[in-house]
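One structure is given here, and the rest of the page talks about it.
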Amino acid sequence: MNNLRPVGVIGTGKYVPEKILTNSDLEKMVDTNDEWIVSRTGIKERHIAAPDQATSDLAYEAAIKALESAGMTGSDLDLIIVATITPDSSFPSTACILQDKLGAKGAAAFDLSAACSGFVYGLATATSFIKSGMYNNALVIGADCLSRITDYTDRNTCVLFGDGAGAVIVGEVPEGRGFKSFDLGAEGAGGSLLQMEGGGSRLPASVETVENKKHYIYMNGREVFKFAVRVMGTATVEVLRKAGLERTDVDLFVPHQANIRIIQSAMQRLELPEEKVVVNVDKYANTSAASIPLALVEAAEEGRMKAGDTVLMVGFGGGLTWGASVLVW
Ligand code: ACO
């Protein structure tokens, strides 16, 4: 991959909705408490979309900022990929809605479904297209409104999720910079551990599916936890190997923000000090596809990366899937 033109991130933007749902708010909704949530997950609060906001609205706000930071407008884009499991509707895709709103006339646009790994899958897809010469400037967004598929009477899941969007512009960068490797994978056999069964062609929406809560996230938390710890370790080792780097070469680690304990286990495996790890799960909770870009963009805004730094992103999610990437900033 590296003998083709170098491709990296040339613009960044993020957006979270205004409304904040705190742990003490949740204490009034289900049988839970701040101490349990913080000690088991590291989450203190999460942002929740307003009733009139859909995923494309969150994605649009992040996209505008990313375009601005790249010094571009929508007409400069020739590819738009939105990673999401909560599209505005089954079709048209959220990417097509965005293409119209951004005035990205003629740009190819599609959604990508890989749950919390979706953003890294999107980066790999855009990078391949650009390296091949098919496109030049891609907008890659991770955006989700998990609040729309969360059962706020189920304490096992409702404390874990939030809404948001993170966007990057992917394009050609100077020699030596950009994406050095990707490691994407899936274990479809574990699909039923984390799923939303209703609303598709297997189980179309009906009174029965609504009554049986089939339009909400179902998760086997313990099994997903074990999967997460395992693949965060293996994907990290593999993506570094593919880039020809050692764990000591990592300047900034940007993990999926699902649970602080999962992040800590990856930190221990890589022997990374806290200052090299981006953590914002306390403020945003698990925002699925938006999680890694929210962390990456926030780190960029805080000046935590300088040109030439080695950034390692890694995530896991429904599918089951995982995705990791090494990026020289
Ligand atoms: N408040 C209080 N008690 C709770 C809560 C809550 N919010 N939720 C669960 N409990 C209880 C359980 O009922 C259980 O009680 P019991 O022992 O009487 O049955 C007890 O706490 C312990 O439950 P565990 O499931 O063992 O708790 P665990 O330490 O495993 O933490 C958690 C649960 C946080 C869900 C953890 O398993 C986890 O983070 N898993 C991974 C989730 C994840 O990362 N998902 C990412 C993918 S999301 C996507 O792709 C959309």
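The values are calculated or read from the model by the stated rules, or taken from the named source; none is laboratory data. Given the structure is predicted, the values throughout are model-derived calculations rather than measurements. Cβ sites come from the backbone with ideal geometry, for glycine too, and all protein chains shown count toward neighbours. Surface accessibility is based on the protein's heavy atoms, side chains included, excluding ligands, DNA and RNA. Shrake-Rupley method; radii C 1.70, N 1.55, O 1.52, S 1.80 Å.
Being free of Cβ contacts under 8 Å to residues at least 40 places away in the same chain and either of a type in the set (S, T, N, Q) or within 25 Å of ILE141 (Cβ to Cβ) (or both) narrows it down to one residue among VAL281, VAL254, VAL277; which is it? Can you show your working first?
Details: VAL281 fails: free of Cβ contacts under 8 Å to residues at least 40 places away in the same chain; VAL254 fails: free of Cβ contacts under 8 Å to residues at least 40 places away in the same chain.
Exactly one residue qualifies, and that residue is VAL277.
How many residues are within 16 Å of the ligand (Cβ to nearest atom), of a type in the set (Ser, Thr, Tyr) and open to solvent by 30 Å² or more (accessible area, probe 1.4 Å) when one looks only at region 30-79?
Within region 30-79, residues that are within 16 Å of the ligand (Cβ to nearest atom), of a type in the set (Ser, Thr, Tyr) and open to solvent by 30 Å² or more (accessible area, probe 1.4 Å) number 1.
May I ask you to say which residue of VAL173, VAL82 is more than 16 Å from the ligand (Cβ to nearest atom), of a type in the set (Val, Ile, Thr) and modelled with pLDDT of 95 or more? It would help to see each step written out before you state the result.
Details: VAL82 fails: more than 16 Å from the ligand (Cβ to nearest atom).
The conditions single out VAL173.
Looking at (1) open to solvent by less than 10 Å² (accessible area, probe 1.4 Å); (2) hydrophobic (A, V, I, L, M, F, W, C); (3) in contact with a Phe, Trp or Tyr (Cβ under 6 Å, 6 or more places away or on another chain); (4) within 16 Å of the ligand (Cβ to nearest atom), find the lone condition where TRP322 falls short.
If we test TRP322 against (1) open to solvent by less than 10 Å² (accessible area, probe 1.4 Å); (2) hydrophobic (A, V, I, L, M, F, W, C); (3) in contact with a Phe, Trp or Tyr (Cβ under 6 Å, 6 or more places away or on another chain); (4) within 16 Å of the ligand (Cβ to nearest atom), just (1) comes out false.
So, in region 256-311, how many residues would count as being within 16 Å of the ligand (Cβ to nearest atom) and within 22 Å of ALA59 (Cα to Cα)? Walk me through it before giving the result.
Narrowing region 256-311 to residues within 16 Å of the ligand (Cβ to nearest atom): 256-267, 279-282, 284-295.
Next, only the ones that are within 22 Å of ALA59 (Cα to Cα) stay: 256-258, 279-282, 284-295.
Summing the residues that are within 16 Å of the ligand (Cβ to nearest atom) and within 22 Å of ALA59 (Cα to Cα) in region 256-311 gives 19.
Got at least one residue in region 39-53 being at pLDDT 95 or above and under 16 Å from VAL82 (Cβ atoms)?
Yes, region 39-53 contains at least one residue that is at pLDDT 95 or above and under 16 Å from VAL82 (Cβ atoms).
Out of (1) touching a Pro at 6+ places or on another chain (Cβ under 6 Å); (2) of a type in the set (Val, Ile, Thr); (3) over 17 Å from LEU240 (Cβ atoms), what's the single condition that is false for VAL314?
(3)
Check ASP111, ASP88, ASP100 and return the single one that is over 17 Å from GLY13 (Cβ atoms), surrounded by 23 or more Cβ atoms within 10 Å (Cβ to Cβ), of a type outside the set (A, V, I, L, M) and without any contact (Cβ under 8 Å) to a residue 60 or more places away in the chain. Reasoning before the result, please.
Numbers: ASP88 fails: surrounded by 23 or more Cβ atoms within 10 Å (Cβ to Cβ); ASP100 fails: surrounded by 23 or more Cβ atoms within 10 Å (Cβ to Cβ).
Just a single option satisfies the conditions, and that option is ASP111.
Quickly run through region 120-146 and pick out the residues that are hydrophobic (A, V, I, L, M, F, W, C), touching a helix residue (DSSP H, G or I) at 6+ places or on another chain (Cβ under 7 Å) and either in a strand (DSSP E or B) or more than 12 Å from the ligand (Cβ to nearest atom) (or both).
Start the filter on region 120-146 by keeping residues that are hydrophobic (A, V, I, L, M, F, W, C), which leaves 120, 123-124, 126, 129-130, 134, 138-141, 143, 145-146.
Still in the list and also touching a helix residue (DSSP H, G or I) at 6+ places or on another chain (Cβ under 7 Å): 120, 138-141, 143, 145-146.
Correct list: VAL120, ALA138, LEU139, VAL140, ILE141, ALA143, CYS145.
Before we move on, is PHE129 touching a Pro at 6+ places or on another chain (Cβ under 6 Å), at pLDDT 95 or above and either within 24 Å of PHE316 (Cα to Cα) or open to solvent by less than 60 Å² (accessible area, probe 1.4 Å) (or both)? Steps first, please.
Values: touching a Pro at 6+ places or on another chain (Cβ under 6 Å): no; at pLDDT 95 or above: yes; either within 24 Å of PHE316 (Cα to Cα) or open to solvent by less than 60 Å² (accessible area, probe 1.4 Å) (or both): yes.
In short, no.
Got a number for residues in region 199-212 being in a loop (DSSP other than H, G, I, E, B) and either open to solvent by 100 Å² or more (accessible area, probe 1.4 Å) or closer than 17 Å to CYS145 by Cα (or both)? So that I can check it myself, show each step before the final result.
Taking region 199-212 as the starting set, the residues that turn out to be in a loop (DSSP other than H, G, I, E, B) are 199-206, 212.
So of that shortlist, the ones also either open to solvent by 100 Å² or more (accessible area, probe 1.4 Å) or closer than 17 Å to CYS145 by Cα (or both) come out as 199, 201-202.
Total satisfying the criteria: 3.
Given the residues GLY166, GLY106, which is the only one that is outside any helix (DSSP H, G or I) and more than 15 Å from the chain's Cα centre (by Cα)? Spell out how you get there, then give the answer.
Numbers: GLY166 fails: more than 15 Å from the chain's Cα centre (by Cα).
So the residue among GLY166, GLY106 that is outside any helix (DSSP H, G or I) and more than 15 Å from the chain's Cα centre (by Cα) is GLY106.
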